[in-house]
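Below is one structure, written out as structure tokens; comments come after it.
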Amino acid sequence: MARRNRKKTQTGLMFPARLALVLMAVAGVSLIYVCVQSRTSALGHEIKKLEAQRDQLREKVIKEQCEWARLQSPANVEKALKEHGLVMTWPSRDQIVRMRADGSIDTLMGPEPRPGGRLARVDRIVMND
Amino acid sequence: MTEKHGSARYFVLAIMLSLAMTGLAVRLVFLHLGAGEQSRSMSSKTRTYKETLAVPRGRILDGGPSANILAANVGAKDVWADPSVLIASNKVGVVASQVAAVLGLNPTETATLMNQERRRFVYLARYVPDEQADAVARLKLPGIHLSDTTTRSYPQGEMLCHILGFVNHDGVGSWGIEQCMDKYLKGTPGLLESQLDGRRREMLDRRIQEIQPRDGADVVLTIDQNLQYMLEKSIDAAMEKHRAKAASAIIQRVRTGEILAMVNRPGFNPNDFRSATDEQKLNRAIGYVYEPGSTFKVAVIAAALNEGIVTPTTMFNTENGRWLYQKKVLRDYHPYSQLNVADIIKKSSNIGAAKIAIMLGDERLDRYLRGFNIGSRLGIDLPGEEGGILAPASKWSSISSSRIAIGQGVAVTPLQMLGIMCGIANDGIMMRPYVIKEVVSPNGTVLVRHEPQALGRCIRSDTAAVMREILAHVTEPGGTGTKAAVEGFKVAGKTGTAQKPVKGHYSETDYMASFVGFMPADDPEFGMIVVMDEPQPLHTGGIVSAPVFGEVAEQAARYLGLLPPGPAIEDRSAIASQARVTP
């Protein structure tokens, strides 16, 4: 029969190993939770920031659209032409050329088109006054 | 240290820890179940916040190919002060002068606003542009704050002011399209309910509810801003030249009733609507009734032709310019002994028109005029339309029909007068005029689309064709409206010079000069009316208004791609739509 080792006798209370494992698991889960939570929170703030940025950009787009609308308004175009010393007038009727499908051209004042001839397209008449 | 002492210490520590843990547990239980209810709800209230998510108001766009923006909401800043902070810092004077200099305010008035000891909030300036707001922010002044807001912007300024209207400071449409389409333009605000962290930032993972806002829908008009500009420019020039008190003009597409341009003067800047008077805000084209004068002869003669009681060649004795009827004298501007029906229109004979109206009889004349929608609204999709004045035939005197024939004793709006002319141009079918083409939601869904709508037939198609021929003579040599002629095109129209009724009498000095017509006469594309109020000293429609018509009609024909009549141009309408150009 083996003799009992007196030096290895327990003197204090033993911390249960299972409890320690449970506590460590809880601590681990808590740590993961805190990490995920802080990451979620950070993402949340980032989303908010991006939402604000999106709203600002949207506002800026509308502002730019308005400015563009103002710049290309007929009154403004006319003002710009004047500033650059450009005097534009409507083309006279004999300056307008019509092109026909058969390749012939004539002016609004010109010869009568061939019977049955169709207009291929009408040259763009620029409104410049 | 003995084993006994070690155990005792361990025991004491365990007891203390247990006590501490018990205390915390009890506190937790109290917080969660019992006495903490009040503080929990307080904390929850402090952390929870509700925010109404503002929604941008929809835009108003023109009907041209590039859908130009006529109205849109843009971001701006409100500048406000906290007077208690300013007074405490004893810097009211300095701050007031600095802020006033940047915002262009009166320093004394600004200081007075800031010197209200009991107040914590006072607006210094609202809807400040970003540049100015940035300049204020750079000053870093104590007690001066900026807050975000939006304001309605009308990039074209005064152009189209009567049609667009304006939005008041509460964001409610209060005039024109802004008013009548408010329910589409304003959209639906959203709601955000969430919780805040200790630094008053929203915790996104704690959002309670989020109702997305629905942006306001865009309203697309039938108006073309380039045509509008042409018309406004010509009207402004004519008003200056003839020193007119007011004016209005409309261009309408004959076949559909679409309004392509509508001008009223005086006007106002909708960006600064507060300074506009009621007179400036009045949309005269639809809301101002006037006695139309000779332009009204068109309706009477169309009715007589439709009834078959006259033909274009029927001769009338025009009494050498002076006719006594029912003890009242009726005069012609130019005396003629005899004129046929076509020439009565061409020369604008009052006596001839009056005789035709008498032949037609009160009942029939009344019926035809109501068929032309005189005395009732045409139903344009703009607020403030008037229906004109036409008393029932039963209340007419013995000379009423002879006076109505020359446009006296009857009142119309310019839109109604144009409606008569467009009815004739459109083979006798009156179309409902409209300015709203469609309403489109931000995701592109068409919520409302206005289609051309016939109001009814006023005269037969063959009568309308005859009338178009007769009216085309008015702009030919010898007619009263030669200045409305456009080279290469046949223009149909009628001049009008009406004395204004003043205190029960007709004024000898104040006139309404008008011209109403359409073009091209044989295949009408658009109709136009120009009405000038009290032009001086020249005051006839042929001299004051017809040139405006001619000038604008020529440009409009080119802009719309109309081709002068010619053989072998087979698909004119397709070509016209292809040739639509932008400046």
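A few notes on this one:
- Wholly enclosed helices (runs of 4 or more DSSP H) of segment B:360-450 bearing at least 3 residues over 19 Å from B:THR256 (Cβ atoms) and among the hydroxyl-bearing types (Ser, Thr, Tyr): B:400-404
- Applying the criterion of at least 3 residues that are within 11 Å of chain A (Cβ to nearest Cβ) to the helices (runs of 4 or more DSSP H) found wholly in segment B:154-223 leaves an empty list.
- Answer residue from segment A:28-41, given it is loosely packed, with under 11 Cβ neighbours inside 10 Å and within 13 Å of another protein chain (Cβ to nearest Cβ) and is farthest from B:LEU204 (Cα to Cα) among those: A:TYR33
- Segment B:198-222: number of residues that are touching a His at 6+ places or on another chain (Cβ under 9 Å) and either outside the structural domain of B:PRO65 (by TED's automatic domain parsing) or touching a residue at least 12 places away in the same chain (Cβ under 8 Å) (or both): 2
- Of all residues assigned to segment B:264-273, none qualifies as being more than 23 Å from B:VAL167 (Cβ to Cβ) and within 13 Å of chain A (Cβ to nearest Cβ).
- Residue within segment B:534-542 that is part of a loop (DSSP other than H, G, I, E, B), surrounded by fewer than 24 Cβ atoms within 10 Å (Cβ to Cβ) and within 26 Å of the chain's Cα centre (by Cα) present: yes
- Exclusive hit being more than 20 Å from B:PHE166 (Cα to Cα), modelled with pLDDT of 90 or more and in contact with a helix residue (DSSP H, G or I) (Cβ under 8 Å, 6 or more places away or on another chain), set B:VAL95, B:VAL79, B:VAL99: B:VAL79
- Among the residues listed as B:ASN306, B:ASN320, B:ASN264, the single one being surrounded by fewer than 13 Cβ atoms within 10 Å (Cβ to Cβ) and either outside any loop (DSSP other than H, G, I, E, B) or among the polar types (S, T, N, Q) (or both): B:ASN320
- The numbered conditions (1) within 14 Å of chain A (Cβ to nearest Cβ); (2) at pLDDT 90 or above are all true for B:VAL530 except (1).
- Across segment B:51-72, not a single residue is classified as surrounded by 13 or more Cβ atoms within 10 Å (Cβ to Cβ), more than 11 Å from every other protein chain (Cβ to nearest Cβ) and hydroxyl-bearing (Ser, Thr, Tyr).
- Among the candidates B:GLY75, B:GLY58, the residue that is part of a loop (DSSP other than H, G, I, E, B), in contact (Cβ under 8 Å) with a residue 24 or more places away in the chain and in the same structural domain as B:LEU160 (by TED's automatic domain parsing) is uniquely B:GLY58.
- Positions within segment A:54-71 being more than 7 Å from every other protein chain (Cβ to nearest Cβ) and surrounded by 13 or more Cβ atoms within 10 Å (Cβ to Cβ), in sequence order: A:ASP55, A:ARG58, A:LYS60, A:GLU67, A:TRP68
- Checking each residue in segment B:117-128 for being farther than 12 Å from B:THR149 by Cβ and either within 30 Å of the chain's Cα centre (by Cα) or surrounded by 14 or more Cβ atoms within 10 Å (Cβ to Cβ) (or both) picks out B:ARG119, B:VAL122, B:LEU124.
- One residue from B:ILE406, B:ILE374, B:ILE358 being surrounded by 23 or more Cβ atoms within 10 Å (Cβ to Cβ), touching a Ser or Thr at 6+ places or on another chain (Cβ under 8 Å) and within 30 Å of B:GLU476 (Cα to Cα): B:ILE406
- Every listed requirement among (1) more than 21 Å from B:LYS494 (Cα to Cα); (2) touching a strand residue (DSSP E or B) at 6+ places or on another chain (Cβ under 8 Å) is met by B:PRO414 save one, (1).
- Selection from segment B:323-333 of residues that are over 18 Å from B:SER397 (Cβ atoms) and either hydrophobic (A, V, I, L, M, F, W, C) or in contact with a helix residue (DSSP H, G or I) (Cβ under 7 Å, 6 or more places away or on another chain) (or both): B:ARG331, B:ASP332
- Whichever residue in segment A:10-27 is in a loop (DSSP other than H, G, I, E, B) and more than 10 Å from chain B (Cβ to nearest Cβ) and, among such residues, is modelled with the highest pLDDT: A:PRO16
- Sole residue being surrounded by 16 or more Cβ atoms within 10 Å (Cβ to Cβ) and in contact with a Phe, Trp or Tyr (Cβ under 9 Å, 6 or more places away or on another chain), chosen from B:ILE301, B:ILE286, B:ILE223, B:ILE251: B:ILE251
- Evaluating B:THR509 against the criteria (1) surrounded by 24 or more Cβ atoms within 10 Å (Cβ to Cβ); (2) part of a strand (DSSP E or B) leaves one unmet condition, (1).
- Residue within segment B:108-128 that is within 14 Å of chain A (Cβ to nearest Cβ), assigned to a helix (DSSP H, G or I) and charged (D, E, K, R) present: no
- The set of residues from segment B:543-562 being closer than 25 Å to B:ALA498 by Cβ and in a helix (DSSP H, G or I) comprises B:ILE543, B:VAL544, B:ALA546, B:PRO547, B:VAL548, B:PHE549, B:GLY550, B:GLU551, B:VAL552, B:ALA553.
- Where B:ASP343 falls short, out of the listed (1) within 19 Å of B:LYS395 (Cβ to Cβ); (2) crowded, with 19+ Cβ neighbours inside 10 Å; (3) of a type in the set (Asp, Glu): (1)
- Those residues of segment B:478-506 which are among the hydroxyl-bearing types (Ser, Thr, Tyr) and surrounded by fewer than 22 Cβ atoms within 10 Å (Cβ to Cβ), in sequence order: B:THR482, B:TYR506
- Members of segment A:45-85 that are within 12 Å of B:PRO155 (Cα to Cα) and aliphatic (A, V, I, L, M): A:ILE62, A:ALA69, A:LEU71, A:ALA75
The values are calculated or read from the model by the stated rules, or taken from the named source; none is laboratory data. Worth saying up front: this structure is predicted, and the values here are computed from it rather than measured. A quick note on method: Cβ atoms are made from the backbone with ideal geometry, for glycine too, and the neighbour counts reach across all protein chains shown.
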